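Chemist: Quick one: the structure is below, questions incoming.
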Amino acid sequence: MTTGRFPRRLAATAGLAALVTLGGLTAACGTSGEKAPSTPTTTTTTTTTTTAPSVEPTEKSISPGGGNLFTPTHVVTPAPPTGGGKGGH
């Protein structure tokens, strides 16, 4: 009977250790609610404007009335024969 207790006791100890570890990590990484005193800061920003080069269309060969030229042809292979008979074997 004592051999059945050891795995249960080991699993319970490992679970308890995991819970304690998760609780410690939560407490260590949590926010305390207090904010640091803020100091006024001054920032200077500069903006520059550039003109973009003209853009050419990349899909020159597609006509608006035509189909989708990028769709591959789909070839369906027939299903293999099942042999007939009862049970489908």
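Chemist: Modelled with pLDDT of 65 or more, loosely packed, with under 10 Cβ neighbours inside 10 Å and not aromatic (Phe, Trp, Tyr), is that true of Thr42? It would help to see each step written out before you state the result.
Modeler: Numbers: modelled with pLDDT of 65 or more: yes; loosely packed, with under 10 Cβ neighbours inside 10 Å: yes; not aromatic (Phe, Trp, Tyr): yes.
Yes: the conditions hold for Thr42.
Chemist: So which of Gly4, Gly23 is under 31 Å from the mean Cα position of the chain (by Cα), modelled with pLDDT of 70 or more and either small (Gly, Ala, Ser) or assigned to a loop (DSSP other than H, G, I, E, B) (or both)?
Modeler: Every option except Gly23 fails the conditions.
The values are calculated or read from the model by the stated rules, or taken from the named source; none is laboratory data. Note that this is a predicted model, so its numbers are computed, not measured. Because the Cβ atoms are built from the backbone with ideal geometry, glycine has one as well, and the counts that use them run over all protein chains shown.
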